[in-house]
1. Using square roots of five times the C-alpha gyration tensor eigenvalues, list the equivalent-ellipsoid semi-axes of the stretch B:25-86 in whole Å, biggest first.
2. How many Å³ per residue does the convex hull of the Cα positions in the stretch B:56-105 occupy?
3. Set the Förster radius R0 to 41 Å, insert the Cβ-Cβ distance between A:SER53 and B:ARG208 as r into 1/(1 + (r/R0)^6), and round the FRET efficiency to 0.05.
4. What three numbers, in Å, describe the spread of the alpha carbons of chain B along their principal axes, ordered from the longest?
5. If R0 is 25 Å, what FRET efficiency do you get for B:ARG116 and B:ARG168 from their C-beta distance, rounded to 0.05?
6. Mind listing which GluC sites (Glu not before Pro) in the stretch A:1-68 are in a DSSP loop and have 12 or fewer other Cβ atoms within 10 Å?
7. Residues of the stretch B:104-122 with the amide nitrogen closer than 13 Å to a label point 7 Å from the Cα of B:GLU154, along Cα-to-Cβ, please.
8. What are the equivalent ellipsoid semi-axes of the stretch B:1-122, built from the alpha-carbon gyration tensor (square roots of five times its eigenvalues), in whole angstrom, biggest first?
Amino acid sequence: MKIKNGFVVREIAGECVVVALGEVSKIFNGIIKLNDTAKIIWNMLSEGSDRESVIEAILQSYEVERETVERDVDCFIETLKGANILE
Amino acid sequence: MFFIKMADMVIEIHHRYNYVKWLCKDYIVPDGTTPDLSVRVSREDIEAEIKASQTEVSAGYAEGICLYRAICKQLPMRFQSYLMHCAVIEYEGKGYAFAAKSGTGKSTHIFLWQKRFGDKVHIVNGDKPILRFLEDGRLYAYGTPWCGKEGFNENTSVPLHAICFIERSPINTIHSIKADEAVMRIFHQLLSPEDIQTVDALFPLLDRTLREIPCYVLGCNISEEAAEVAYYGMNPSIE
């Protein structure tokens, strides 16, 4: 699972944001704000990680039940798919 | 070709139609002034703008829009500045920027300020001011020829005191917002960056803006009280 090329991650006033440049800006015209968990998911998906690796990484960083993590990760992935952000 | 001074920059404008020179009449400076920036747009740009426009516009009008866009795209990289879609007023030496979706009532709200606080309220730019960090470290908002259909602008600048996002509401309330909310709201009022150079120039300016300028959300109706609530909300040290 990979995020399309052209998305740029930056920080503004302590907030992690993502914008689309180039080709992808034609399908995504806005800004995404990532909280700490979302940052982990985004960075891993940018490198083409699979769902299981993402879930593992979050379980290692936070003391949360697997069920919750799976639900949150799946929800995030669905949102990205819906916005046409994933390849 | 003609020269203007706008936002403390001298700009050389190569134009095809007379409209833009008329639009810039209050900003023109003598020919041959050394420009900080030079712009021209192609016939293709103008045609694309006409096509993309929601309403029927003349080639001259479209050329004006394209020229302003061409100028504003260079602002972050070269002039520590950027375009923001908002209405800026000056009162008591302070600049207040009001941002909202089109049609929400920015103009109405600034008229209410004039009604409530009188003719010492000046409209610096009714629609598309340039914001610029000057050497004194402050963020200034500028009048420009591109200021909305009513033409509200003064060829002047004012240090920005606050940014206020307006929403319609039955009662008048105001609260301050932090960077997490402000960054999302402000982004919709800017020219979307098209390349990484612009991102790397613009985002630090936004970072500075959000760290230095307090941001508020105002829910308001069309009574004079809306202006009072806004004014006192953005000036907590005034009783």
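Values quoted throughout were computed directly from the atomic coordinates according to the rules given, and no laboratory measurement underlies them. On a predicted model such as this, the values are computed, not experimentally measured, just so you know. In this analysis, Cβ positions are derived from the backbone assuming ideal geometry, glycine residues included, and neighbour counts consider all displayed protein chains.
1. In descending order, the three semi-axes are 23, 16, 12 Å.
2. Numbers: hull volume 6.2 nm³, N = 50.
Taking the convex hull of the Cα positions in the stretch B:56-105, it is 124 Å³ per residue.
3. Values: r = 37 Å, r/R0 = 0.91.
The calculated FRET efficiency here is 0.65.
4. Principal extents (largest minus smallest coordinate, Cα): 52, 35, 33 Å.
5. 0.85
6. Working: sites: A:GLU11, A:GLU15, A:GLU23, A:GLU47, A:GLU52, A:GLU56, A:GLU63, A:GLU65, A:GLU67; in loops: A:GLU47, A:GLU63, A:GLU65.
Here the GluC sites (Glu not before Pro) that fit, given the DSSP loop and packing criteria, are A:GLU47, A:GLU63, A:GLU65.
7. B:114, B:118-122
8. Working: eigenvalues 160, 79, 39 Å².
Over the Cα atoms of the stretch B:1-122, the semi-axes work out to 28, 20, 14 Å.
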